[in-house]
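To start, the structure under review is shown below, and the notes come after it.
None of the figures in this text is laboratory data; all of them are computed from the coordinates on show. No experiment lies behind these values; they were computed from the predicted model shown. Note: ideal-geometry Cβ built from the backbone for every residue, glycine included; neighbour counts use all protein chains shown.
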Amino acid sequence: MPTVTLSVFGGVGAQFFDNNGNPLTGGKIYTYQAGTTTPLASYTSSTGNTAHTNPIILDAAGRVPSGEIWLNYSYLYKFILTNSANVLIATYDNVGGSFNAAPLVANFTGNGVATTFTLPNSPANENNTQIYINGVYQQKNTYSLAAAVITFSEAPPNTSSIEVNYL
């Protein structure tokens with residue numbers, strides 16, 4: 001389940017219209033990774049548990065059926081808006097979410113032996129982690145990340161303070 005943020009494109013309760021100002025009944029919203037034609041999931045709620053269909057098919061009033069579009073926090077999106085016959089209305093690229101998720105913080109204490117530590121949640125990816133041992137930033141090549149498990153190449157020193165900031 002990804003960390004999600006509310007879309008500034010479709011957000012909550014947005015209504016879409018054709019070029020004549022009529023509700024975009026049966027219109028389609030395609031979601032892609034920014035700058036590409038690689039489909040990228042959007043989500044129906046803040047839980048990030050259920051992905052929208054891609055394309056999202058608008059209802060008779062030109063609204064998203066769930067009423068909300070949530071985005072994976074780790075990506076920028078490209079939205080392509082078409083009518084029901086796939087005639088292009090507009091393209092919006094490099095669109096992010098409405099707010100930044102607050103980073104999660106996990107603290108551990110090194111014992112000089114253990115090299116693995118398990119976070120309470122999985123980060124979106126390794127690029128969304130910052131690890132400090134006794135306040136010193138750890139380069140990404142000093143550890144690996146597999147789901148919620150961090151494995152250091154060397155055990156952090158005994159009584160060392162390990163802080164992990166992640167999304």
Compare the peptides 57-70, 144-157 by average per-residue count of other Cβ atoms within 10 angstrom and give them in order, highest first. 57-70, 144-157
Given points 7 Å out from each Cα along the Cα-Cβ axis, report the T118 to N19 separation in nanometres with one decimal. 5.7 nm
Of every Cα-Cα pair in segment 93-167, the percent that sits beyond 18 Å: 37 percent
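Can you give me the relative contact order of segment 1-100 as a percent, contacts being Cα pairs under 8 Å and 6 or more apart?
38 percent
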Per residue and in cubic angstrom, what volume does the convex hull of the Cα atoms of segment 1-100 have? 85 Å³
Counting only DSSP loop positions in segment 83-142, the chymotrypsin sites (Phe, Trp or Tyr not before Pro) whose Cβ has at most 10 other Cβ atoms within 10 Å are F99
Over all directions, what mean area does the Cα convex hull of segment 50-111 project, stated in square nanometres? 6.7 nm²
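Work the Kirkwood hydrodynamic radius out for segment 1-49: mean of 1/r over every pair of different alpha-carbon atoms, inverted, in Å. It would help to have the intermediate numbers written out before the result.
Working: mean 1/r = 0.0783 Å⁻¹.
Value: 12.8 Å, from the Cα pair sum.
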Relative contact order in percent for the chain (Cα pairs under 8 Å, 6+ apart) equals 23 percent
